[in-house]
Amino acid sequence: MSCAPAVPGPEHPYHRDRAPGLGGTGSDWHAEDVGTSVVVGAGIAGLTAARDLVAAGHQVVVLEQSDHVGGKLCRHEVGGVLVDVGAEAMLNRRPEGVDLARALGLEVEHPALASSRIWTRGALRPLPRSLMGVPLDLEQLEASGVLSEEGVARVRQEPSLPPEVIEGDISVGALVARRFGDEVVDRLVEPLLGGVYAGHARELSARASVPQLVAFAEHGSLLEQAAAIPTTYDSPVFAGIPGGMGRLTDTLAAALDVRTGATLRSLARTPDGFALTVGPTTAVELVECDTLVLATPAAPTARLLADVAPGAAAELAGIESASMAVVTFAFRAEDVAVLEESGSSGFLVPPVDGRRIKASTFSFAKWGWVRAAGAESGLVHLRTSLGRHREEIALQATDDELVAASLADLAAATGLDATPVDVHVQRWGGGLPQYAVGHLERVARIRADVARVPGLAVCGAAYDGVGIAAVVESGHRAARALTGAPTGPGTMEP
């Protein structure tokens, strides 16, 4: 099921009269109509770059292939309530996302103080304090029962190991296994990395995915250094937006000229910039611009750059991606007492345990706005996620099969035995780029080749981080590359 616009219809602010070949019947669309800059892709990265370019005085149009803006920031009605069916939170301790939200006049909300669990070794267990799964508290770890006695004993040996000497890059799994043992990788690191990247710890780059872990290991014992990390903080780790993260991209798009249903088929260099072939094959348009931002996933960006920046295209083609699905449920509030009593906001699932789902978020327990929105109809919302890198076959199941698998795993994990009032299945095909070992060097080569093409920039989740804050910064970076001007939340009035 695709992600539909949260507020469908021509009255939505990003719907425009479109020229032939752009989904409408307006007047012809020429270069002088769109100004000097084109941004391809109306996800959070592209919209951020477009906003910055407008602030720098550029005339900007954003081209989006689909019929909606937002990319993986997407909302859908479930049980009559608009909830996130893609990304639902952003880092609060990294400023780019929350600063942008506030600059747009959006309220920021933090998750409720509810504990997370891990469903492993046949039980829902407390998730011990960790750095992306690497234990930071031995007492919590032992009390949780996540590891066997042998596994805990192996962790206790870590302070005796010398500092790491890491030449080049290394996978997260390899680094953690040689300091803490395979059991920590399988039952703690894998489910946490799976929630962020939908990837595998023994393939993901440590320097790109968890650089703090590398820095700690190069200094010595992670456990000993962890003792200096405060257990309480001045600010929450995560933040959301009441009404859903999709409001962030909807609000950004409302102030920009965004053309949905506009597919970029090819591009070429011209003496003054770029010539873009846009629209369906039966009615293509030639659009010219001075500067161009490609805020598209790695695979389509590789295809588009094949002639313009072949070195970057070859590197981008080597970035693999993972597909996943999010299943969102609405239940009657009285039917989920077993979840309310748990005091938990959800749980993670290690792949070694052989379950279908990889996580479940009790959205009603995590976000005050979700609980309040559902309460009007006596409903509560929760969601499951399924799918990891190279597990696309598992997602070839029908929507009904994914729903049934989710309900079966929820029942086995929590005892929930209820029929949902409504359900929505959102599939994200190739939605999460994989940061393989050597990713930072790959990105450096991509950017070096792109920099050889005047007026061209790239941004998105394929480069410097898959979280919202990191992707927002990639949009700022693309705009800086083209303008040389300061960029950020305060550069354009909302």
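In table form, for the structure just shown:
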{"read-out": "Residue that is farthest from G460 (Cα to Cα), among those in the stretch 119-133 that are surrounded by 21 or more Cβ atoms within 10 Å (Cβ to Cβ) and touching a helix residue (DSSP H, G or I) at 6+ places or on another chain (Cβ under 6 Å)", "value": "T120"}
{"read-out": "In the stretch 316-333, the residues that are over 30 Å from A365 (Cβ atoms) and surrounded by fewer than 23 Cβ atoms within 10 Å (Cβ to Cβ)", "value": "A317, G318, I319, E320, S321"}
{"read-out": "Residue match in the stretch 41-49 (condition: in contact with a Pro (Cβ under 9 Å, 6 or more places away or on another chain) and farther than 24 Å from A481 by Cβ)", "value": "no"}
{"read-out": "Output for the stretch 119-139, where each listed residue is touching a Leu at 6+ places or on another chain (Cβ under 9 Å) and outside any loop (DSSP other than H, G, I, E, B)", "value": "W119, T120, S130, L131, V134, P135, L138"}
{"read-out": "Extreme residue, nearest to G43 (Cα to Cα), among residues of the stretch 222-262 that are buried (at least 21 other Cβ atoms within 10 Å of the Cβ) and polar (S, T, N, Q)", "value": "T249"}
{"read-out": "Close pairs from the stretch 45-62: first under 19 Å from A469 (Cα atoms), partner among the acidic types (D, E) and not in a strand (DSSP E or B), Cβ under 6 Å, at least 6 apart", "value": "none"}
{"read-out": "Test: residue in the stretch 342-350 that is more than 20 Å from A114 (Cα to Cα), open to solvent by 10 Å² or more (accessible area, probe 1.4 Å) and part of a helix (DSSP H, G or I)", "value": "no"}
{"read-out": "Subset of the stretch 360-378 [part of a loop (DSSP other than H, G, I, E, B) and open to solvent by 10 Å² or more (accessible area, probe 1.4 Å)]", "value": "E376, S377, G378"}
{"read-out": "Boolean, G199 is touching a strand residue (DSSP E or B) at 6+ places or on another chain (Cβ under 9 Å), under 27 Å from L395 (Cα atoms) and part of a loop (DSSP other than H, G, I, E, B)", "value": "yes"}
{"read-out": "Qualifying residue in the stretch 227-240 (condition: touching a Phe, Trp or Tyr at 6+ places or on another chain (Cβ under 8 Å) and over 21 Å from P95 (Cβ atoms))", "value": "no"}
{"read-out": "Enumeration of residues in the stretch 91-111 that are open to solvent by less than 50 Å² (accessible area, probe 1.4 Å) and assigned to a loop (DSSP other than H, G, I, E, B)", "value": "N92, L104, L106, V108, P111"}
{"read-out": "Every pair of residues 6+ apart whose Cβ atoms lie under 7 Å, when the first sits in the stretch 163-183 and is closer than 17 Å to V146 by Cβ and assigned to a loop (DSSP other than H, G, I, E, B) while the second is open to solvent by less than 20 Å² (accessible area, probe 1.4 Å) and not acidic (D, E)", "value": "G181/G151; G181/V155"}
{"read-out": "Among the candidates R371, R388, residue that is at pLDDT below 95 and either in contact with a helix residue (DSSP H, G or I) (Cβ under 9 Å, 6 or more places away or on another chain) or aromatic (F, W, Y) (or both)", "value": "R388"}
{"read-out": "Candidates A302, A314, A337, A306 - the one that is part of a loop (DSSP other than H, G, I, E, B) and without any contact (Cβ under 8 Å) to a residue 40 or more places away in the chain", "value": "A306"}
{"read-out": "Residue tally, condition part of a helix (DSSP H, G or I), at pLDDT 95 or above and open to solvent by 20 Å² or more (accessible area, probe 1.4 Å), over the stretch 140-158", "value": "7"}
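The values are calculated or read from the model by the stated rules, or taken from the named source; none is laboratory data. Only a predicted model underlies this, so the values are computations on that prediction, with no experimental measurement involved. All Cβ positions, glycine included, derive from the backbone under ideal geometry; neighbour counts span all protein chains shown. Surface areas here come from the heavy atoms of the whole protein model, side chains and all, with no ligands, DNA or RNA. Shrake-Rupley method; radii C 1.70, N 1.55, O 1.52, S 1.80 Å.
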